[in-house]
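Read through the structure below, which is laid out as structure tokens, and then see the notes.
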Amino acid sequence: FDGVPIDVNVALPREPATGPDGPYPLLMMFHGWGGSKANLGAMRPWAQRGYAVFSMTDRGWGDSCGGNSQTRLEPECERGYNRLMDTRYEVRDAQEFAAALADEGVAKPRRIGATGGSYGGGMSMALAALRNRKMLPDGSLAPWTSPDGKEMRIAAAAPEIPWTDLAYSLMPNGHTLDYVADAPYDARGRIGVLKQSFVAGLYATGQATSNYATPGADPDADLTTWFALVNAGEPYDDNPLAVDILDEITSHHSSYYIDDSIPPAPLLISNGWTDDLFPPDEAIRFYNRTRTEHPGAGISLMFLDYGHQRGQNKDADTAILHRGQRAWFDYYLKGTGPQPFLGVRTLTQTCPEGEPSAGPFRAPTWAAMAPGEVRFEGSDEQTIQPLAGDPTIGRAYDPIAGGGACASAARDDQPGAASYRLDPAPERGFTLMGSPTVVADIDSPGPHSQIAARLLDVAPSGDATLVARGLYRPEVNAGSDPTRQVFQLHPNGWRFEEGHVPKLELLPADPPYARPSNGQLPVAVSDLELRLPVLERPDGDVARRPAPKVVPAGYELAIDYRSARG
């Protein structure tokens, strides 16, 4: 639309023996970071199911002005650099080409679907959130119409391992909660902690194979300057450039912040328990707000052990997901088959890798997924010291350099960390299904400190396997009493077998996965409560009825949790 050349593939169903050759429902397939357009082999199964299929190489990659392509030398590529999935550019590129296919009689303008993984998942989320609108370069929204005036609309989307808030996924501040109606990044005013090993790898891949804007040339796409700033570390909150970057990422690169006055297209969102880049939090925040503001919207979630590192991506598990996606698009794009399940499905993480996952488990809502809760209470004060943490353990659990989802490390408590051990699991065990929640009195005098949390499964053998992790910027309470605070670790589906001990450890950092903070000070924690949502129903023994949710000022319960509260 702005003269930048975009490389595309289109696959069509076989011409029918009788009747018109089109228009067809259109499925758009989008690639991940470092990738390019889908090849015809990947598109063929969808074309054989009766879809027109379109895939493009996003601007700044491959032959869309990419870093290693001859097309980069074309004058039109002066604007063809990588804009980090900007709603005004990469997303609009897809919309404009779909509109052209509609005008050519190839695609049905209101029967369009979107799917893709990771970067392509972010694209699919944005298209679903826009639905029948497009975002112009000035950030305003306009009706999505074809050059011939056809009204265009996304009819369904199935994003795989997407982000919904790119700033939070790369630099979480720990203030997203899986039971609140609305959880924007800046709700508590803190810029978070960099997922350093992931961000370094992503930046290097893009630098080597895509086309970054010249530093300083475009403040809305200055990936090199942004990378240097986040790696320099704190202070962030009082740095005007850091605040500007946060505003840019939330305004133009994250589906969660697209105007939600209309419901999104029907969404089947899948994320991975063991995906340390885009964990299920990314889907849950969008799901909770959509369910609260548009109760009739079609939206389903599926969580399993797959995705980016440390995901195991078991064939049997992903086959269940892909069957669901085919049924989703057949119903919403072609109008065939029964209405798909609207709710939440999960499969558990299992170790060793060859062990089959349990499930799928089903519930009508995320709130109903875990009817019981295992709770631990520890009143003693513990202090997280600034230099605590064994680096060999951090490397074992690192998603990039570590040993994967089933990596284990020593069970011993780390000096200077705050450690909490629950009772061993009883004979029948119990299954975590959701987000471990920490409620505690926290005394954090420094403005730049963090808390890195890990939930471990300590086996009778002494091996400790990482079950969940989280990063949190605590409230600053210098010169005042500790404050009651709540934060969560990323959710998981994990069975604690008989004799296994759930262990929570709170550290000053989780390197190399997460960047240690500049100016970390001791953080005191007391009267800690750990809440583990479980599949088991309350039994008066291990599983208890879930305690009332702790709702910080400025938040409201999501609609499903209001209903659960009665």
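The values are calculated or read from the model by the stated rules, or taken from the named source; none is laboratory data. Just so you know, these numbers come straight off a predicted model, no measurement behind them. Neighbour counts are summed over all protein chains in view; Cβ atoms, including those assigned to glycine, are modelled from backbone coordinates with ideal geometry. Quick note on the areas: whole protein, heavy atoms, side chains included, nothing else; ligands and nucleic acids left out. Shrake-Rupley method; radii C 1.70, N 1.55, O 1.52, S 1.80 Å.
Are there any pairs with C-beta distances below 9 angstrom linking a residue in segment 451-466 that is at positive phi to a residue that is aliphatic (A, V, I, L, M) and open to solvent by 10 Å² or more (accessible area, probe 1.4 Å), with the two at least 6 apart or on different chains, and if so which?
462/410
Taking segment 544-562 as the region of interest, how many residues are at pLDDT 95 or above, aliphatic (A, V, I, L, M) and farther than 16 Å from residue 365 by Cα?
The number of residues fulfilling the criteria is 3.
Kindly state which strands (runs of 3 or more DSSP E) lie completely within segment 1-78 and contain at least 2 residues that are charged (D, E, K, R) and modelled with pLDDT under 95. Show your work before the answer.
Details: elements: 8-11, 24-30, 52-56.
Filter on segment 1-78 gives an empty set.
Scanning for something open to solvent by 10 Å² or more (accessible area, probe 1.4 Å), among the basic types (Lys, Arg), assigned to a loop (DSSP other than H, G, I, E, B) and on the phi < 0 side of the Ramachandran plot, does segment 402-419 turn up at least one residue?
Within segment 402-419, one or more residues are open to solvent by 10 Å² or more (accessible area, probe 1.4 Å), among the basic types (Lys, Arg), assigned to a loop (DSSP other than H, G, I, E, B) and on the phi < 0 side of the Ramachandran plot.
Return the pairs, sorted by first residue and then second, in which the second residue is open to solvent by 40 Å² or more (accessible area, probe 1.4 Å) and of a type in the set (Lys, Arg), the first residue lies in segment 343-358 and is within 16 Å of residue 492 (Cα to Cα), the beta carbons are less than 6 Å apart, and the residues are 6+ apart or on different chains.
345/362
Taking segment 232-281, which residues are within 28 Å of residue 92 (Cα to Cα), open to solvent by 30 Å² or more (accessible area, probe 1.4 Å) and polar (S, T, N, Q)?
251, 261
For segment 432-453, how many residues meet the condition of being assigned to a strand (DSSP E or B) and open to solvent by 10 Å² or more (accessible area, probe 1.4 Å)?
Narrowing segment 432-453 to residues assigned to a strand (DSSP E or B): 432-434, 437-443, 451-453.
Filter once more, keeping what is open to solvent by 10 Å² or more (accessible area, probe 1.4 Å): 437, 441, 443.
So the answer is 3.
Which one is nearest to residue 214 (Cα to Cα) among residues in segment 73-130 that are of a type in the set (Asp, Glu) and without any contact (Cβ under 8 Å) to a residue 40 or more places away in the chain?
Per the stated criteria, the residue is 78.
For segment 308-363, which positions are among the aliphatic types (A, V, I, L, M), within 23 Å of residue 267 (Cα to Cα) and out of contact with any Gly (no Cβ under 7 Å at 6 or more places or on another chain)?
At the first step, the residues of segment 308-363 found to be among the aliphatic types (A, V, I, L, M) are 316, 319-321, 327, 333, 342, 344, 347, 358, 363.
Filter once more, so that each one left must be within 23 Å of residue 267 (Cα to Cα): 316, 319-321, 327, 333, 342, 344, 347, 363.
Those that are among the aliphatic types (A, V, I, L, M), within 23 Å of residue 267 (Cα to Cα) and out of contact with any Gly (no Cβ under 7 Å at 6 or more places or on another chain): 316, 319, 320, 321, 344.
Identify, from the list 285, 291, the residue that is under 17 Å from residue 122 (Cα atoms), in a helix (DSSP H, G or I) and touching a Ser or Thr at 6+ places or on another chain (Cβ under 8 Å).
On the way: 291 fails: under 17 Å from residue 122 (Cα atoms).
That would be 285, the only listed residue that is under 17 Å from residue 122 (Cα atoms), in a helix (DSSP H, G or I) and touching a Ser or Thr at 6+ places or on another chain (Cβ under 8 Å).
So, of the residues in segment 353-401 that are open to solvent by less than 20 Å² (accessible area, probe 1.4 Å) and part of a helix (DSSP H, G or I), which turns out to be nearest to residue 274 (Cα to Cα)?
If we take residues in segment 353-401 being open to solvent by less than 20 Å² (accessible area, probe 1.4 Å) and part of a helix (DSSP H, G or I), then 394 is nearest to residue 274 (Cα to Cα).
Conditions: (1) over 30 Å from residue 307 (Cβ atoms); (2) of a type outside the set (Asp, Glu); (3) open to solvent by 30 Å² or more (accessible area, probe 1.4 Å). Residue 22 meets all but one. Number of the miss?
With respect to (1) over 30 Å from residue 307 (Cβ atoms); (2) of a type outside the set (Asp, Glu); (3) open to solvent by 30 Å² or more (accessible area, probe 1.4 Å), residue 22 is out only on (3).
For every residue, the table says whether it meets (1) open to solvent by 10 Å² or more (accessible area, probe 1.4 Å); (2) at positive phi.
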{"residue": "123", "(1), (2)": "no, no"}
{"residue": "130", "(1), (2)": "no, no"}
{"residue": "134", "(1), (2)": "yes, no"}
{"residue": "141", "(1), (2)": "yes, no"}
{"residue": "145", "(1), (2)": "yes, no"}
{"residue": "216", "(1), (2)": "yes, yes"}
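Quick one: which of 183, 221 is assigned to a loop (DSSP other than H, G, I, E, B), among the hydrophobic types (A, V, I, L, M, F, W, C) and touching a helix residue (DSSP H, G or I) at 6+ places or on another chain (Cβ under 6 Å)? Don't jump to the end; show me each part of the working.
Working: 221 fails: touching a helix residue (DSSP H, G or I) at 6+ places or on another chain (Cβ under 6 Å).
It is 183.
Does residue 205 qualify as being under 30 Å from residue 233 (Cβ atoms) and part of a helix (DSSP H, G or I)? Explain how you work it out, then say what you get.
Values: under 30 Å from residue 233 (Cβ atoms): yes; part of a helix (DSSP H, G or I): yes.
Considered against the rule, which asks whether it is under 30 Å from residue 233 (Cβ atoms) and part of a helix (DSSP H, G or I), residue 205 comes out as yes.
Does residue 502 qualify as being modelled with pLDDT of 95 or more and of a type outside the set (S, T, N, Q)? Steps first, answer last, please.
Numbers: modelled with pLDDT of 95 or more: yes; of a type outside the set (S, T, N, Q): yes.
For residue 502, the condition - modelled with pLDDT of 95 or more and of a type outside the set (S, T, N, Q) - is met.
All but one of (1) open to solvent by 30 Å² or more (accessible area, probe 1.4 Å); (2) under 23 Å from the mean Cα position of the chain (by Cα); (3) more than 26 Å from residue 246 (Cα to Cα); (4) not basic (Lys, Arg) hold for residue 33; which doesn't?
That leaves (3) as the condition not met.
Could you go through segment 81-98 and let me know if any residue there is of a type in the set (D, E, K, R) and touching a His at 6+ places or on another chain (Cβ under 7 Å). Don't jump to the end; show me each part of the working.
Going through segment 81-98, the residues of a type in the set (D, E, K, R) turn out to be 83, 86, 88, 90, 92-93, 96.
Remaining after also requiring touching a His at 6+ places or on another chain (Cβ under 7 Å): 86, 88.
Yes, segment 81-98 has at least one match.
Kindly establish whether residue 528 is of a type in the set (A, V, I, L, M, F, W, C) and more than 24 Å from residue 448 (Cα to Cα). If you could, list the steps in order and put the result at the bottom.
Working: of a type in the set (A, V, I, L, M, F, W, C): yes; more than 24 Å from residue 448 (Cα to Cα): no.
Against the criterion (of a type in the set (A, V, I, L, M, F, W, C) and more than 24 Å from residue 448 (Cα to Cα)), residue 528 does not qualify.
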